[in-house]
Amino acid sequence: MRFTDPKETTDTNPTVRKSLVDRIAEERPDAVLLSGDVPWHGGDPGDYAQYRLETEPWRAAKIRVLPALGNQELNGNDPAAGLENWWTAFPALRGRRWYSVRLGSRIAILNLDSNSTLVPGSEQARWITAQMAVLPSSVKFVLFNMHHPPVADFQTGADADHNARPSEIALADLLKTSPPRSRIRFIVCAGHIHNYERFLRDRVTHLVSGGAGAKPRPIVRGEDDLFRDTSEVNYHYVKFVLRGNTITAEMVRLADPTATTAKWEVKDHFQIIGL
């Protein structure tokens, strides 16, 4: 979302941020997953002060916020200072760069740090494997919330740095062979790319949901991207609803970012049926 001084209107859009915060507050979800880049400058405590000011409607509605670390959190000359600012903003996470949360009995969430390696044998990969090994039989869905995507449309030129990297691809490979996949549906939710993409790869749903306020980026969509809309600007959030053994998901898009009154439209809709 890139919370920062609202005078900054080029690299982030404060009007869109407010529309999204207000709309999500109206939804009153059980939790909000933020896939990183909460501040624009992670080393600036002022960006987190702005985050707190703008998200007051979430606290008033008692909405649980579950953030993952993005690159902007650690961007700058002193990543340690950025990490300290993140822990100050989210004190329940102090000392952790990745963590797990249970939402009811059927959903587990693993919030990952894609700034830290995910390759086989790494500390984070071992932690993921250990978490998966102790999931109770009641869990039917695992959501992985992270910043850099393991699966994304391939880009060239200036946006080539948004392509999937070996570290995150290693996570996709891990999920292909993870023993719980025989009884649990995996959903990977990432950000980083300032747009929306959806894939089904090896029975795993992969989402890129990066349209929450940062400057939009047009993308070239490959044939395996299941979102076929031609809109280049997709300010949005993704809404998950669990009913019985099925998660229904909608990409809810701000129809016209320049309009005085926010109007919302569902631009993508899909279901994930539990095993």
Margin query: Nearest 5 percent is fine: what portion of the DSSP beta bridges confined to the chain is antiparallel?
Written below: 60 percent
Margin query: Under 5 Å between amide hydrogens, which residues at least 5 positions from T12 or on another chain qualify, with H placed 1.01 Å from N in the peptide plane?
Written below: K215
Check: Hey, which aspartates and glutamates would be in cross-link range of K7, C-alpha to C-alpha under 16 Å, not counting anything within fewer than 8 residues on its own chain?
Finding: D44, D47, E54
Checklist line | Ranked packing of 81-89, 157-165, most packed first, by mean Cβ within 10 Å | finding: 81-89, 157-165
Notebook entry, point to check: Taking neighbour Cβ counts within 10 Å as the exposure measure, how do T4, T156 sort from fewest upward?
Noted result: T156, T4
Check: Stretch E84-D224 to full length: gain in nm at 0.36 nm per residue minus the Cα-Cα span?
Finding: 46.5 nm
Check: Could you give the dipole magnitude of the range 14-273 about its Cα centre, charging the beta-carbon of Lys and Arg +1 and that of Asp and Glu -1, in debye to the nearest 20?
Finding: 1140 debye
Item checked: Proximal aspartates and glutamates to K267, defined as alpha-carbon separation beneath 15 angstrom and excluding residues fewer than eight positions away on the same chain -> E197, D225, D229, E232, E250, D256
Item checked: Karplus-derived 3J(HN,Hα), 6.51/-1.76/1.60, for each residue of the range 197-203, Hz, glycine and proline x -> 9, 9, 9, 10, 10, 6, 6
Margin query: Quick check on the range 14-273: take the gyration tensor over C-alpha atoms, sort the square-rooted eigenvalues as a ≥ b ≥ c, and tell me if it's rounded (a/c under 1.5), prolate or oblate.
Written below: rounded
Next item on the list: Enumerate the amide H contacts of W264 below 5 Å, restricted to partners 5 or more residues apart or on another chain; note that Pro and chain-start residues carry no placed amide H.
Entry: A255
Notebook entry, point to check: What residue among V65, V208, V238 has the largest mean-square fluctuation in a Gaussian network model of the chain, using Cα springs under 10 Å?
Noted result: V65
Check: For the chain, what is the calculated [θ] at 222 nm in deg cm²/dmol (nearest 500), taking -39500 (n - 2.57) for each run of four or more DSSP H residues and dividing by its residue count?
Finding: -7000 deg cm²/dmol
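A short reminder: the numbers here are calculations on the coordinates, not readings from a lab. Everything numeric here is computed off the predicted structure, so don't read it as measured data. Glycine also receives a Cβ, built like all others from the backbone with ideal geometry; neighbour counts cover every protein chain displayed.
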